[in-house]
Amino acid sequence: MTLTLVTVGQNAAALRAQIQGSAVLLSLHPFLTSAQSKVIRNSLPRFSRIFRSLQIILKTILFLVLILNVRALPGGWHWRLFWPVTKVRLQYMAARTRSFWALLGRSGKARKEGMEMRMEKWLESITPVGAHPFEFETRYKSWVTLDESDFNMHMSNSSYPKVLDCARMKAAMELFPQFLRVGGIIPLASTHFHFIRELPVFAKYELRLSIGAWDEKWFYVVGRFVTQNKTSQGKALKDTSPRPATEVATPALTTLFHAPITENLETISNTPLPASQAGTNGTPSTATADQARRFDAAVSSRLASDFGGVEDGYILHTVCVSRVCFKLGRLTVPPAVLMATNGVSVHPWEISNSESASSSTQRYSPSKPPPTWTSESQALFSKSKGGSPRKLRDFYKGYWREVRASGDPNTYPWWERAVGVGGPVDEKRNERLEVCRKLVGGLDGVRAIC
């Protein structure tokens, strides 16, 4: 009995101790809660400042990434490509609006005729009347963005064609507005790039397009990527100065995947390049492959040096050649026809059978247009001279063949005389055409060995 009472007393004492401990903890809970809340309240401003700073940093990084890669955004390339077309359309709308307000007080018929006359003059103002085929040049300015660069921080080889597309569109709008006006298209057949030296990231450059040569179907456009020299001109332009024809060396590149090439152009250009040369097993021989590669490299170097260099203060980085043709529907239009109907012409003393003209004669210009423009071209599209867009379209589609067949067989058609066929400039065209054809022949030789 006594042992039982002692045990009960001990349990009661332990229970009281537990109750007292719980009471103490309960009494400390408000204190702990208030202290915890105070710590959290003191930490919130610091966490908020850190969070806001992270937000600003992330937004800044995102904004910089978008700015540096703005050309890679959806629609960026299409906007740059069609900007020359959009620009001409805006100019057309502005000219038409000015003409509308200028003719507001006239009657309906007089207003319509006045509007047609004004728009014809505006169209002639954007046509390259009097431009020389070997002096015409289009310049497209740009800079190397981050998305166009490779891991060497140089302009990637795959970015050059994108820029060339935009420059070709600009050149087409400047050179052939009459042809594009009636629905003509300019398909691209081939493009060749000769990389001479790299373009560093963020560098400003200029792509200069000029007419290389043409034949009855193909039209060769030569482009040069150049930058302005900011250092000593003599030292920087040493590699871009013209070299003798017997040895045209390609400057070495500093990028990882390129090696310098040096070839004797005269030796290679005098060696005929077959389209395909089979070896003993029926496949192209190794000698044919080496010849094609060396031929291609040598002709590329010739393009870099002989087709007009760059002036002092500029550095040549890349040479490119585009081979295009001209289509209206499924019909091919000769380049000479297109150039002549758009006002392009050689100088007066360079036209065949022009003994009276000399180099002192005033050159053709919009104020002094070539006779082929005033007597022939305008008669095709100018309503004041009996022409129309439909008449010009029919001429492109094949009426030029009838004009040639009905003309004097001993004289050149007027569009060929306009571009110098039969005159002194024709020799220069043939020399350039031979170089461009050899370039294409080199590529065909490489294709034959694949």
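The values are calculated or read from the model by the stated rules, or taken from the named source; none is laboratory data. Just so you know, these numbers come straight off a predicted model, no measurement behind them. Note that we place each Cβ from the backbone using ideal geometry, even for glycine, and neighbour counts take in every protein chain shown. For accessibility, only protein heavy atoms count, side chains too; no ligands or nucleic acids. Shrake-Rupley method; radii C 1.70, N 1.55, O 1.52, S 1.80 Å.
With respect to the stated conditions, residue 175 fails to be hydrophobic (A, V, I, L, M, F, W, C), modelled with pLDDT of 95 or more, out of contact with any helix residue (DSSP H, G or I) (no Cβ under 6 Å at 6 or more places or on another chain) and under 22 Å from residue 228 (Cβ atoms).
Screening residue 405 against (1) farther than 28 Å from residue 118 by Cα; (2) free of Cβ contacts under 8 Å to residues at least 24 places away in the same chain; (3) small (Gly, Ala, Ser); (4) in a loop (DSSP other than H, G, I, E, B) leaves a single unmet condition, (4). Only one of the listed residues (96, 111, 168) is in a helix (DSSP H, G or I), charged (D, E, K, R) and crowded, with 17+ Cβ neighbours inside 10 Å. That residue is 168. Does residue 105 meet the test of being over 17 Å from residue 176 (Cα atoms) and open to solvent by less than 80 Å² (accessible area, probe 1.4 Å)? Here the answer is no, as residue 105 does not meet what is asked.
The single residue among 354, 359 that is at pLDDT below 90 and either open to solvent by 40 Å² or more (accessible area, probe 1.4 Å) or part of a helix (DSSP H, G or I) (or both) turns out to be 359. Evaluating residue 146 against the criteria (1) under 22 Å from the mean Cα position of the chain (by Cα); (2) at pLDDT 90 or above; (3) open to solvent by 50 Å² or more (accessible area, probe 1.4 Å) leaves one unmet condition, (2).
Selection of segment 414-437 for residues being of a type outside the set (A, V, I, L, M, F, W, C) and crowded, with 20+ Cβ neighbours inside 10 Å yields 416, 417, 420, 423, 429, 432.
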